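Accompanying notes for the structure given below.
The values are calculated or read from the model by the stated rules, or taken from the named source; none is laboratory data. A quick note: this is a predicted structure, and the numbers were derived from the prediction, not measured. As a convention, Cβ positions derive from the backbone with ideal geometry for all residues, glycine included, and neighbour counts pool all protein chains shown.
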Amino acid sequence: MEIKKFEVGDVLEMKKAHPCGARRMRVLRVGSDIRILCVGCGRDVTVPREKLEKNIRKIIPSDEVDS
């Protein structure tokens, strides 16, 4: 299985929406567990990398994200 490349500050567009309705998550920490922040409601979640990678639709690099 290929490991997806993303860094702190990147925005991940997910296949499923967060309960608040937002599909975009900002990466806060990278490792074997990934800490992400919901762009919609501000909730932060720590998820195992393997589970998160299955749910990513698109990776938006931090240099392309509107601040």
* Of the residues that sit in segment 27-48 and are touching a residue at least 24 places away in the same chain (Cβ under 8 Å) and closer than 14 Å to Ile60 by Cβ, which one is farthest from the chain's Cα centre (by Cα)? -> Val39
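Among the residues of segment 35-67, what is the count of those that are farther than 16 Å from His18 by Cα and either touching a Gly at 6+ places or on another chain (Cβ under 6 Å) or not in a loop (DSSP other than H, G, I, E, B) (or both)?
Final tally of qualifying residues: 8.
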* Structure fact -> Only one of (1) part of a loop (DSSP other than H, G, I, E, B); (2) touching a strand residue (DSSP E or B) at 6+ places or on another chain (Cβ under 6 Å); (3) free of Cβ contacts under 8 Å to residues at least 40 places away in the same chain; (4) loosely packed, with under 15 Cβ neighbours inside 10 Å does not apply to Pro19, and that is (2)
* Exactly one condition in (1) at pLDDT 95 or above; (2) surrounded by 12 or more Cβ atoms within 10 Å (Cβ to Cβ) is not met by Ile59; state its number. => (1)
* Which of the residues belonging to segment 22-34 are in a strand (DSSP E or B) and either among the hydroxyl-bearing types (Ser, Thr, Tyr) or touching a helix residue (DSSP H, G or I) at 6+ places or on another chain (Cβ under 8 Å) (or both)? -> Asp33, Ile34
